[in-house]
């Protein structure tokens, strides 16, 4: 009836709405959704930052806080083709496709990859986080129950991706100490840089391996793409770039070698390495002189 009365063709109908305004009513109408948005925004902000994987844990469960002064267990994780390398820097050993941690102790994972992008995921422990070559991601987590849990790659990374799995063991502190002692006996010996380069080669469904010792700064070399002898680390390259290029480091950081063309007629310069207080080895020394 309304539509018929006020149809366009009816020129006799005169519709004049009564426009009113109430500031109080407008405030009530708009205050409710505004407060809802503020509440949801605050909840999202707090929850998102609380779940930040880079943020150290403040609780080991919903009711128990982390004891002040508790140091997390540090594990350096390297995604290889197609296996996982776990380095325990404090304990001084490494494992392949096997991971363990004591219950109720915070864990700090430092994660990188050797070749393609990957994803580190233990559903019982924490959310997945990417592993990328030349970059480091971090994940803070804690396991609250003893047991054996599955870990795997959650990002397709090639032919052996489906078999890129490992077991994570939640242990009591005593059991973990026994596992560490057993692992340090390492049937595979020392994980030197040369041994790592062999391990890095692609393999599928790789068996569990244990290395009783690890070359100093191996993880740092993997992260900075300079495990091979004589190869300059990414952090040194970035330091040179940050300093304005080759002119800033000086001639002591530049090696000379024969360039293309007739022997002795031309030379080219390239940066071999950068010395520091922590790494005083002369960059011009033969690769064999550099430590593993």
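Can you name the residue in the stretch 171-192 that is exposed (fewer than 13 other Cβ atoms within 10 Å of the Cβ) and in a loop (DSSP other than H, G, I, E, B) and, of all such residues, is modelled with the highest pLDDT?
Selected residue: 172.
Kindly provide the set of residues from the stretch 1-27 that are surrounded by 10 or more Cβ atoms within 10 Å (Cβ to Cβ) and assigned to a helix (DSSP H, G or I), ordered by number.
Within the stretch 1-27, 5, 25, 26, 27 meet the criteria.
Given 57, 85, 99, which one is surrounded by 14 or more Cβ atoms within 10 Å (Cβ to Cβ), touching a strand residue (DSSP E or B) at 6+ places or on another chain (Cβ under 7 Å) and not in a strand (DSSP E or B)?
The match here is 57.
Only one residue in 159, 190, 174, 154 is out of contact with any strand residue (DSSP E or B) (no Cβ under 8 Å at 6 or more places or on another chain) and farther than 29 Å from residue 63 by Cβ. Which one? I'd like the intermediate steps shown before the answer.
On the way: 190 fails: out of contact with any strand residue (DSSP E or B) (no Cβ under 8 Å at 6 or more places or on another chain); 174 fails: farther than 29 Å from residue 63 by Cβ; 154 fails: out of contact with any strand residue (DSSP E or B) (no Cβ under 8 Å at 6 or more places or on another chain).
Going through 159, 190, 174, 154 in turn, the sole match is 159.
Does the stretch 207-228 contain any residue that is under 14 Å from residue 95 (Cα atoms), part of a loop (DSSP other than H, G, I, E, B) and under 20 Å from the mean Cα position of the chain (by Cα)?
The answer is no; no qualifying residue exists.
With the requirement that a residue be within 23 Å of residue 88 (Cα to Cα) and in contact (Cβ under 8 Å) with a residue 12 or more places away in the chain, what does the stretch 55-70 give you?
Within the stretch 55-70, 55, 56, 57, 60, 66, 70 meet the criteria.
When residue 52 is evaluated against the numbered criteria (1) within 28 Å of residue 157 (Cα to Cα); (2) in contact (Cβ under 8 Å) with a residue 24 or more places away in the chain; (3) part of a loop (DSSP other than H, G, I, E, B), which criterion, by number, is the only one it fails?
The failed condition is (2).
Is the stretch 117-125 home to any residue that is touching a residue at least 24 places away in the same chain (Cβ under 8 Å) and within 14 Å of residue 199 (Cβ to Cβ)?
Within the stretch 117-125, none of the residues are touching a residue at least 24 places away in the same chain (Cβ under 8 Å) and within 14 Å of residue 199 (Cβ to Cβ).
Out of 152, 156, I need the residue that is more than 14 Å from residue 99 (Cα to Cα) and out of contact with any helix residue (DSSP H, G or I) (no Cβ under 6 Å at 6 or more places or on another chain). Which one? Reasoning before the result, please.
On the way: 152 fails: more than 14 Å from residue 99 (Cα to Cα).
It is 156.
One residue is enough: does the stretch 102-120 have a residue meeting the conditions in contact with a helix residue (DSSP H, G or I) (Cβ under 8 Å, 6 or more places away or on another chain), in a strand (DSSP E or B) and over 21 Å from residue 51 (Cα atoms)?
Looking for residues that are in contact with a helix residue (DSSP H, G or I) (Cβ under 8 Å, 6 or more places away or on another chain), in a strand (DSSP E or B) and over 21 Å from residue 51 (Cα atoms), one finds at least one in the stretch 102-120, hence yes.
Of all the residues that make up the stretch 126-161, how many are surrounded by fewer than 17 Cβ atoms within 10 Å (Cβ to Cβ), under 23 Å from residue 64 (Cβ atoms) and in contact (Cβ under 8 Å) with a residue 40 or more places away in the chain?
5
The values are calculated or read from the model by the stated rules, or taken from the named source; none is laboratory data. Note that the structure is predicted; figures quoted are calculated from it, not measured. FYI the Cβ positions are ideal-geometry reconstructions off the backbone, even for glycines, and counts take in every protein chain you see.
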